[in-house]
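The values are calculated or read from the model by the stated rules, or taken from the named source; none is laboratory data. These numbers were taken from a predicted model, which means no experiment stands behind them. Cβ: placed from backbone, ideal geometry, glycine included. Neighbour counts: every protein chain shown.
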Amino acid sequence: MRSDLELIRLQDQIISSKPELLDRQIREFCCAKDPDVEAFLKEKAVLFERSGISRTYLFVVNDNERSNIVAYFSIAITATNFEGVSKSRKTHVLGATPYRDFLDHFGGLLVAQLARDDSYTPNDINGIELINAAEKTVEQGRFYLGGRVLYLDCRHPLIALYEKSDFKLLRNEPDSLGLYKMFKMLPKL
C-alpha cells in the first residue's frame, strides 16, 4: 500500500468547509469494473451518510497538488435472510444464539461497498488491504456495539479474493441480482 494514503471518514468531509473538493473527488471517481459501486459513491454515499444508513471511508492521496479518492468502503448494519440455508451452515454462523432454529433473519455488520478507482493499481492499494481496513473499522465499532458476523455481497469473480480473507459463502448460488452472500465470523471480544 502506498505510504501516502490517508483513510478519512466521508462524514468528516461532508462537514468540512470544502464541499467543492468533496464534490470534485466523488465526481472523478471511476470504477468501470463495477458500475454499481461507482454509482453508489456518486449518487448515494452522501445521502446514506447523512441519514445514518451507512458509513463510508475514503482512502485519499494528494497527487500533483490535488486530493483524489483512491479507494473507498462502506459499512452498514444488516439483517441477513437465512431462508434456504442449510441447518449446519446456520448453526455455524449463529452458534449458540438463543432460538436460532426459529430465526429467519440474523443481524450483523455488512461491508456494503468496496472499490478502487481505475486510475490506481493494486500497488497503490490491493483488495486484501482494502478488506483489512474495512475489518479494522468494523472492529473499532464492534467494541462499542457488539456483533458476531461480518457479511458482504459480491459477484462471482471476487469470491476467491474474499475467501483469502476467511469469508465463506452463505449459499452456493447467487441472489436475484447475481450477488453471492458471504460471511465471516468475527473474533470474540
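A few notes on this one:
- Residue among 116, 155, 171 that is touching a strand residue (DSSP E or B) at 6+ places or on another chain (Cβ under 7 Å), within 21 Å of residue 32 (Cβ to Cβ) and touching a residue at least 24 places away in the same chain (Cβ under 8 Å): 116
- Note on segment 13-28: among residues that are assigned to a helix (DSSP H, G or I) and more than 23 Å from the chain's Cα centre (by Cα), the one that is nearest to residue 61 (Cα to Cα) is 21.
- Restricting 162, 151 to those that are at pLDDT 90 or above, within 21 Å of residue 100 (Cβ to Cβ), under 13 Å from the mean Cα position of the chain (by Cα) and surrounded by 14 or more Cβ atoms within 10 Å (Cβ to Cβ) reduces the list to 151.
- Filtering segment 29-70 to residues that are outside any helix (DSSP H, G or I) and among the β-branched types (Val, Ile, Thr) leaves 53, 56, 60, 61, 69, 70.
- All of 41, 21, 58, 94 fail the test of being closer than 23 Å to residue 135 by Cα, at pLDDT below 95, surrounded by 12 or more Cβ atoms within 10 Å (Cβ to Cβ) and touching a strand residue (DSSP E or B) at 6+ places or on another chain (Cβ under 8 Å), apart from 94.
- Conditions (1) surrounded by 11 or more Cβ atoms within 10 Å (Cβ to Cβ); (2) in contact with an Asp or Glu (Cβ under 9 Å, 6 or more places away or on another chain); (3) under 18 Å from residue 114 (Cα atoms): number failed by residue 177: (1)
- Tally of residues being touching a residue at least 24 places away in the same chain (Cβ under 8 Å) and surrounded by 14 or more Cβ atoms within 10 Å (Cβ to Cβ) across segment 82-91: 3
- So residue 79, is it more than 23 Å from residue 161 (Cα to Cα), under 19 Å from the mean Cα position of the chain (by Cα) and surrounded by 12 or more Cβ atoms within 10 Å (Cβ to Cβ): yes
- Filtering segment 75-113 to residues that are out of contact with any Asp or Glu (no Cβ under 9 Å at 6 or more places or on another chain) and in a strand (DSSP E or B) leaves 75, 76, 77, 78, 79, 80, 106, 107, 108, 109.
- Considering segment 97-118, the residues that are over 21 Å from residue 186 (Cβ atoms) and surrounded by 14 or more Cβ atoms within 10 Å (Cβ to Cβ) include one that is nearest to the chain's Cα centre (by Cα), namely 115.
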